[in-house]
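The values are calculated or read from the model by the stated rules, or taken from the named source; none is laboratory data. These figures come from a predicted structure and were not determined experimentally. Counting neighbours? That spans all protein chains shown, and the Cβs are built from the backbone with ideal geometry, glycine included. Surface accessibility is based on the protein's heavy atoms, side chains included, excluding ligands, DNA and RNA. Shrake-Rupley method; radii C 1.70, N 1.55, O 1.52, S 1.80 Å.
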Amino acid sequence: MVHFNNYINGNWEKSESNEKYESINPVDQSVVGSVDQSTINDLDKAVESAKSASLAWKKLSGAARGQYLYKAADVLEENLEDVAKLMTLEMGKTYPEAKGETARGVAILRYYAGEGMREEGDVIPSTDPDAFMYTKRSPLGVVGVITPWNFPVAIPIWKMAPALIYGNTVVFKPALEASVTAAKVFECLHEAEFPKGVLNMVNGDGAVIGERITENPDINGITFTGSDKVGKVVGQTALGRGAKYQLEMGGKNPVIVTKDADIDKAVEATISGGLRSTGQKCTATSRVIIDASIYDSFKEKLVEKVKDIKVGDGMQEDTWMGPCVSEKQLNTVLSYIDIGKKEGATLIHGGERITSSGLENGFFVQPTIFEDVNSAMTIAQEEIFGPVLALIKVKDLEEGIKIANDVEFGLSASIFTTNIQNMLTFIDDMEAGLVRVNAESAGVELQAPFGGMKKSSSHSREQGQAAKEFFTSIKTVFVKG
Ligand code: NAD
């Protein structure tokens, strides 16, 4: 069984706690591996190491920093299957999806490696004809990275790669549920031989280690992805001490299906967007808003297709959907299903824990569909983070968009329509950071900005060129001879 210590100052260092966290396979509750439970002292040591490495790392050219990222990409690529396998075992994502995510991590590293040689500022004409005015970018210094369990490779990399290329050093704390996979990624980063102290990793409870990351005065920026509940606390603490922060949080993402939509395509995308990864994506479709005139035909096709979904161990080739990540997450999903029933929604498919032979020790739930859902219901408002679809019937697009916007979140949204005016109206009126036409609500490209509106984000964006805005500060330079 694999075990990882803290990673501090370029070394694997045993935590002074002498305690470990064991990560379990959500398929059968066997132990997959473990990590040290870090202490606050371990974390502070990691921050000190990142701080000491900061100046030399910042002074390297972007091209030189990029070389480390290229090497990290190569090592991760060589280990792709091992990393993906560990991910499947630890958090239940199917193996093909886990391989896709790891390949994404490789691509992100390469994208930001190249970023070290791209422009970093603007020349701005001064009103003084003898002066030269321009902007340049400075790194923040030490960046704290706090991540969720649902994309244990891609999310840490899409935060750490830009942090590094723009000259920051990193202290990283993954979610415990996926900490072994995250540590495996660090093993690859270690092989890329970054200078000591540039990258550091500690593990532990969010309420202890995560909180200290937000409080440590030597951490200059905090990039957080997780629930809005935790994000709010992280943001408030960071703001209180003047640290820069970035919060990417939950969603309650709709797909709107208009009367002119290609119903078969809409059904496929609803299933893929809502149920892949067991609905545990921040961009997962959870509300399906359907024009009344095609409602019955859409519903019939949807239920027929969902019946064919094979739920099981993500390592098995024919498994389409794996388990919930943990017992806690399974219970959350089951409790929302219960609330849905109590509030008057009609359960038309699934709704139960799966206890069939071979799956009885796992955290499996049936893909679930409710109808007769209205926008005020809890299952239409709160993020469930499970394979639960709520069908909402509307009379036209105007009502559809109104309902789609009737939530506190604004991460992603999709529409299925063949009518150009419908597309344009949706693109303009939808309150979401990611709007997708004739494509599922989940789906992010690494070279494009990603982030939400409303309660889904602190309104900055990640990935692509947008990452530069968070991981650097603009310096306006005025030079006169
Ligand atoms: P979570 O909020 O419970 O935990 C996220 C991270 O915060 C973990 O590392 C956790 O240990 C840490 N943490 C917990 N308490 C903390 C505290 N008091 N101070 C500092 N850190 C603390 O979220 P989760 O269950 O791991 O992930 C699921 C959530 O993440 C969902 O809401 C999902 O929508 C969201 N998510 C958002 C995006 C996005 O890009 N918008 C992507 C993936 C997941």
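Observations on the structure shown:
- Antiparallel bridges, percent of DSSP beta bridges restricted to region 1-140 (to nearest 5): 75
- Fully extended contour minus Cα-Cα distance, from residue 466 to residue 303, at 0.36 nm per residue: 54.7 nm
- Of 285, 127, the order by accessible heavy-atom surface (1.4 Å probe, DNA, RNA and ligands excluded), from most exposed downward, is 127, 285.
- Qualifying trypsin sites (Lys or Arg not before Pro) in region 1-103, where qualification requires a DSSP coil assignment and no more than 15 other C-beta atoms within 10 Å, comprise 14.
- Compared with the direct C-alpha span, the chain from residue 473 to residue 445 gains 7.6 nm at full extension, assuming 0.36 nm per residue.
- Hits among lysines - C-alpha to C-alpha of residue 229 under 22 Å, sequence gap 8 or more where chains match: 159, 173, 244, 252, 281, 328, 454, 455
- Think of it as helices only: each DSSP H run of n ≥ 4 in the chain is worth -39500 (n - 2.57), and spread over all residues that comes to -12000 deg cm²/dmol at 222 nm.
- Stretchable slack from residue 423 to residue 191, in nm (0.36 nm times residue separation minus alpha-carbon distance): 78.8 nm
- Value of D in µm² per second that Stokes-Einstein yields for region 106-253, Kirkwood Rh from Cα pairs, at 10 °C (1.306 mPa s): 96
- With Cα atoms defining each centre, region 355-428 and region 325-342 are spaced 16 Å apart in the structure.
- Mean-position separation - Cα centroids, region 64-117 and region 254-323, in angstrom: 28
- Take the Cα of residue 438, step 7 Å toward its Cβ, do the same at residue 232, and the gap between the two points is 4.1 nm.
- At the residue level, residue 194 shows approximately 20 square angstrom of accessible surface with a 1.4 angstrom probe and all protein chains present.
- Cleavage-rule hits (chymotrypsin sites (Phe, Trp or Tyr not before Pro)) in region 71-151: DSSP loop, at most 13 neighbouring Cβ within 10 angstrom: none
- Inter-label distance for residue 378 and residue 296, nm, one decimal - labels placed 7 Å from Cα along Cα-to-Cβ: 3.3
- In order through region 358-370: 3J(HN,Hα) via Karplus (6.51 cos²θ - 1.76 cosθ + 1.60), integer Hz, x for Gly, Pro: x, 10, 5, 9, x, 9, 9, 10, 6, x, 10, 10, 10
- For region 42-150, a Kirkwood hydrodynamic radius built from all Cα pairs, placed in the Stokes-Einstein relation at 4 °C and 1.567 mPa s, yields a translational diffusion coefficient of 75 µm²/s.
- If you look at the Cα atoms of region 264-320, you get an Rg and a Dmax of 12.5, 41 Å.
- Residue 141 long-range amide H proximity, modeled H, under 5 Å: 169
- When the charge dipole of region 230-335 is built from unit charges on Cβ atoms (+1 for Lys and Arg, -1 for Asp and Glu) and taken about the Cα centre, the candidate among 277, 238, 292 whose Cα reaches farthest toward its positive end is 238.
- At an R0 of 35 angstrom, the distance between the Cβ atoms of residue 128 and residue 207 translates into a FRET efficiency of 0.10.
- When Rg and the Kirkwood radius Rh are both evaluated on Cα atoms of the chain, their ratio Rg/Rh stands at 0.99.
- Annotation: average projected area of region 1-72 is 6.7 square nanometres, based on the convex hull of Cα atoms across all directions.
- The orientation-averaged projected area of the convex hull spanned by the Cα atoms of region 351-481 comes to 13.3 nm².
- Label point 7 Å beyond Cα of residue 103 along Cβ direction - residues of region 60-84 with amide nitrogen under 20 Å: 70-84
- With Rh defined as the Kirkwood radius, the inverse of the mean 1/r over Cα pairs, the Rg/Rh of region 177-323 is 1.11.
- Set of aspartates and glutamates with alpha-carbon distance to residue 136 below 18 Å, sequence-local pairs under 8 removed: 115, 119, 120, 122, 469
- In region 234-319, GluC sites (Glu not before Pro) in a DSSP loop with at most 15 other beta-carbon atoms within 10 Å: 317
- Among 296, 205, the order of accessible area from largest down is 296, 205, computed with a 1.4 Å probe on protein heavy atoms.
- The amide H of residue 365, built 1.01 Å from its N in the peptide plane, has 324, 354 as neighbours under 5 Å, considering only residues 5 or more places off or on other chains.
- For region 1-50 versus region 150-179, the spacing of their alpha-carbon centroids is 16 Å.
- When all protein chains stay in place and ligands, DNA and RNA are ignored, the 1.4 Å accessible-area order of 375, 473, largest first, is 473, 375.
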